[in-house]
Amino acid sequence: MQLQNKKLDWEQFLQIREEVLKAWPTGQEVDLTEAIAYQKQIPVHKRFGQKLEEAKKEGITLAQPRAGVALVHEHIELLRFLVEEGGADLLPTTIDSYTRQNRYNEAQAGIEESRTAGRSMLNGFPAVNHGLAACREVTEAVPVPVQVRHGTPDARLLTEISLAGGFTAYEGGGISYNIPYAKEVPLERSIRDWQYVDRLVGYYEEQGVSINREPFGPLTGTLVPPCISHAVAIIEALLAAEQGVKSLTLGYGQCGNLVQDVAAVRSLEELADEYLSRFGYQHVVVTTVFHQWMGGFPQDESKAFGVISWGAATAALAKATKVIVKTPHEAMGIPTKEANAAGIRATKQVLNMLKDQPLLENQEITVEKELIKAETRAILERLLEFGEGDIALGTVRGFQAGIIDIPFAPSRFNAGRLLPARDHNGAVRLLDFGNLPFGEDIKEIHREKIAQRGKSEGRDPSFQMVIDDIYAIGKGMLVGKPR
Ligand SMILES: CC[C@H]1O[C@@H](n2cnc3c(N)ncnc32)[C@H](O)[C@@H]1O
């Protein structure tokens, strides 16, 4: 049947579900009625969406790290440490790469190796292999809400086990966990698989259990212009809302220029409200998440703390509901629990110092916000045309045509023709627009700003600027100026 943005028929869903639960033995542990009852007994202070909604009302920014290790008790110890020593307001459970690719046999081998080695031999928590009881052990062992974070194109079984396992929030989407994460997964397939995920969340909602859903904002995390990540976020919001999701956190990866980043967070929330109400989705609570710099980090830990703190400051000034915290080990790999906790402490110090200082209103932010909204609308409206009014169909066709295009994505279903580069203030602009449906007025703004940078650097705008910008923050700068 042709892909469309339409709520999955429950009987059809249950038919698919029979196959989904067979993909690994732990799938047989999931009983929806029992899982709903289990979720209903989770106390309200452990419910992710609830805590986000309270933070939004209070106008504060919550801090959440990424974290995940192979074995259950070590993972619990890690999460407890991040709350007790780091002050984490919200917790993750980052899933390992094998599980993300449905390679459960290799995840199982990783569990055995970790037991033998006495340390984590996986880069995350293999929730599917551990199963229901272990997930409940994790979510019951910590005092704050826990969210599953991963990068899985086909996350159907992981979702079944995560929700039955007591996690009250779940990251990802059919575009955001495919195009930046996989090379060969057809977009139509991943969108369908994530319609299953969101339909399951919709079913929990209908039974009175609210589960927060967070499309993955940063995408490739490498110079992604706000209009691109916003377009994906709004598409995945519409797809999720159609399946009955009511608690949405939309995200954006820090680019580094304060005006652009604050404008990005504000425009994201406004665009979400605009499109959700336009398509008739009522009572959807929208919050925002700001990801501290997702690109290359400095090796030097003090410089890394500088990047982390700048991300914390921007999140607070933008009044994002949540900030995802980086660690001083970012350039090295999986952080120690101590380094992870240190990243959270540095972040919370800045959040606390800024929470009573609203950013002064300024014209530059308003102009930037309107530019981002115009760019994002141009993409979304063209996708709707391509889909004859259906955003799911329009998205598949739009990616084929390069109407939407994610810079530096590995997927062969992505056009990969955009070339982003920073302007003289460090804001991310476009050197090559690929096939984005922008008018000359918008293009001229980008060209002029990049030309200004070229003049100030005494060089013509070129691909070299893109390369220099990719390495700049790792080398202690923002704009990749020639030496
Ligand atoms: C989205 C990619 C980000 O997730 C981070 N990440 C991935 N796996 C883990 C992990 N197991 N523990 C802590 N951070 C992690 C990684 O450092 C990168 O910044």
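The values are calculated or read from the model by the stated rules, or taken from the named source; none is laboratory data. Remember, predicted model here, so these are calculated numbers, not experimental data. Don't worry about glycine lacking a Cβ; one is built from the backbone with ideal geometry, like all the others, and counts go over all protein chains shown. Calculation scope for accessible area: heavy atoms of the full protein, side chains included, ligands and nucleic acids excluded. Shrake-Rupley method; radii C 1.70, N 1.55, O 1.52, S 1.80 Å.
From A35, A70, A63, A55, grab the single residue that is assigned by TED's automatic domain parsing to the domain that holds G343, open to solvent by less than 20 Å² (accessible area, probe 1.4 Å) and assigned to a loop (DSSP other than H, G, I, E, B).
Numbers: A35 fails: assigned to a loop (DSSP other than H, G, I, E, B); A63 fails: assigned to a loop (DSSP other than H, G, I, E, B); A55 fails: assigned to a loop (DSSP other than H, G, I, E, B).
Going through A35, A70, A63, A55 in turn, just one is assigned by TED's automatic domain parsing to the domain that holds G343, open to solvent by less than 20 Å² (accessible area, probe 1.4 Å) and assigned to a loop (DSSP other than H, G, I, E, B): A70.
Entry remark, the range 257-287: residues being closer than 30 Å to E206 by Cβ and in contact (Cβ under 8 Å) with a residue 24 or more places away in the chain number 13 in total. Taking each residue of the range 431-459 that is in contact (Cβ under 8 Å) with a residue 24 or more places away in the chain and looking for partners that are open to solvent by 70 Å² or more (accessible area, probe 1.4 Å) and hydrophobic (A, V, I, L, M, F, W, C) with beta-carbon atoms closer than 8 Å, six or more apart or interchain, yields L431/F463. Just one of the numbered conditions (1) open to solvent by less than 10 Å² (accessible area, probe 1.4 Å); (2) among the aromatic types (F, W, Y); (3) part of a helix (DSSP H, G or I) is not true of Y252: (3). Here is the figure for the range 1-32: residues that are not acidic (D, E) and not in a helix (DSSP H, G or I) total 13. Residues that are of a type in the set (A, V, I, L, M, F, W, C), outside any helix (DSSP H, G or I) and under 22 Å from A88 (Cβ atoms) within the range 119-167 comprise L122, F125, V142, V144, V146, V148, F167, listed in sequence order. Six or more apart or on different chains, Cβ under 8 Å: which pairs go from a residue in the range 288-314 that's under 16 Å from A263 (Cβ atoms) and modelled with pLDDT of 95 or more to one that's more than 16 Å from the ligand (Cβ to nearest atom) and part of a loop (DSSP other than H, G, I, E, B)? Could you list them? Hits for this filter: T288/A320; T288/T321; F290/T61; F290/A320. Residue-level analysis places E368 among those that are touching a residue at least 40 places away in the same chain (Cβ under 8 Å) and either out of contact with any Leu (no Cβ under 7 Å at 6 or more places or on another chain) or open to solvent by 30 Å² or more (accessible area, probe 1.4 Å) (or both). For the range 343-363, the condition holds for at least one residue, the condition being that it is within 16 Å of the ligand (Cβ to nearest atom), among the small types (G, A, S) and more than 18 Å from the chain's Cα centre (by Cα).
Specify which of the listed residues (V224, V197, V185, V265) is surrounded by fewer than 21 Cβ atoms within 10 Å (Cβ to Cβ) and of a type in the set (A, V, I, L, M).
On the way: V224 fails: surrounded by fewer than 21 Cβ atoms within 10 Å (Cβ to Cβ); V197 fails: surrounded by fewer than 21 Cβ atoms within 10 Å (Cβ to Cβ); V265 fails: surrounded by fewer than 21 Cβ atoms within 10 Å (Cβ to Cβ).
None of the others qualify; the one that does is V185.
From the set of residues in the range 41-75 that are within 16 Å of the ligand (Cβ to nearest atom) and β-branched (V, I, T), which is nearest to V350 (Cα to Cα)? Among them, the one singled out is V69.
Of all the listed residues (W293, W310), the sole one being within 16 Å of the ligand (Cβ to nearest atom) and surrounded by fewer than 22 Cβ atoms within 10 Å (Cβ to Cβ) is W310.
Evaluated against (1) crowded, with 19+ Cβ neighbours inside 10 Å; (2) in contact (Cβ under 8 Å) with a residue 60 or more places away in the chain; (3) within 28 Å of A237 (Cβ to Cβ), P410 falls short on exactly one condition, (1).
Scanning the range 91-132 for residues that are within 14 Å of the ligand (Cβ to nearest atom) and either open to solvent by 30 Å² or more (accessible area, probe 1.4 Å) or under 16 Å from K326 (Cα atoms) (or both) turns up L91, P92, T93, T94, S97, Y98, R100, R119, S120, M121, N123, G124. Does K337 count as in contact (Cβ under 8 Å) with a residue 40 or more places away in the chain and open to solvent by 40 Å² or more (accessible area, probe 1.4 Å)? Answer is yes for this residue. Candidates are the residues of the range 317-334 that are open to solvent by less than 10 Å² (accessible area, probe 1.4 Å) and hydrophobic (A, V, I, L, M, F, W, C); the one that is farthest from the ligand (Cβ to nearest atom) is A318. Scanning the range 133-166 for residues that are within 16 Å of the ligand (Cβ to nearest atom) and of a type in the set (D, E, K, R) yields one hit, R149. Got a number for residues in the range 73-125 being among the polar types (S, T, N, Q) and within 25 Å of the chain's Cα centre (by Cα)? Total satisfying the criteria: 8.
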